[in-house]
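Down below is the structure, laid out as structure tokens.
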Amino acid sequence: MKKSSLFKPAFLLSLLVGIIGSFFKIMHLPGLIGFIIIGVVLTLVYIVSGLYEVYGSGKISKNEKVMWTIGFILFSFITGLLYLFMGRPRILREYKILNQ
């Protein structure tokens with residue numbers, strides 16, 4: 001699997017694990033700690049892969065790279081959604097142009 005294609009599956013799996021973990025918490029079911037650990041690991045994976053894509057792009061400014069970094073660190077889920085639907089297509093398009 002290419003590193004640039006790791007963001008989307010990790011983000012979606014993190015979202016799914018978070019929803020299932022919330023259900024486990026509400027229903028007081030055992031096994032919650034496993035979902036928390038998996039969710040945190042998947043969150044770290046999509047943050048790191050998103051930042052890898054951002055810093056691999058030479059077209060966006062340094063200020064925008066700092067903005068994405070701060071957003072991923074402080075507001076990981078909201079920034080992940082924004083990056084998935086708005087920022088990622090533009091950044092990857094620029095990234096592919098540079099690597100051709």
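The values are calculated or read from the model by the stated rules, or taken from the named source; none is laboratory data. Predicted model only: the values in this text are computed from it and were never measured. Cβ atoms come from the backbone with ideal geometry, glycine included; neighbour counts cover every protein chain shown. Side chains included, ligands, DNA and RNA excluded: accessible areas come from the protein's heavy atoms. Shrake-Rupley method; radii C 1.70, N 1.55, O 1.52, S 1.80 Å.
Expressed as an acute angle from 0 to 90° and rounded to the nearest 10, what is the orientation of the C-alpha long axis of helix 88-99 relative to the principal long axis of the chain?
50 degrees
Run the numbers on the chain and let me know its relative contact order in percent, using alpha-carbon pairs under 8 Å that are six or more apart.
For the chain, the relative contact order is 29 percent.
At 1.4 Å probe radius, can you tell me the per residue accessible area of region 6-60 in Å²?
On a per-residue basis, region 6-60 sits at 60 Å².
For every helix of n ≥ 4 consecutive DSSP H residues, a contribution of -39,500 (n - 2.57) applies; sum these over the chain, divide by its total residues, and give [θ] at 222 nm rounded to the nearest 500 deg cm²/dmol.
-25500 deg cm²/dmol
So how tilted is helix 7-27 from the main axis of the chain? Cα-based, degrees 0 to 90, rounded to 10.
Its long axis makes an angle of about 20 degrees.
How big, on average over all directions, is the shadow cast by the Cα convex hull of the chain, in nm²?
Dividing the Cα hull surface by four gives the mean projection, 6.6 nm².
If ligands, DNA and RNA are left out, what is the accessible area of Ile36 with a 1.4 Å probe, given in Å² to the nearest 10?
Approximately 80 Å² for this residue.
Run through region 58-96 and list the trypsin sites (Lys or Arg not before Pro) located in a DSSP loop whose Cβ has at most 14 other Cβ atoms within 10 Å.
Lys59
Keeping all protein chains in the complex and leaving out DNA, RNA and ligands, what accessible area do you get for Lys8 with a 1.4 Å probe, in Å² to the nearest 10?
Looks like 100 Å² after rounding.
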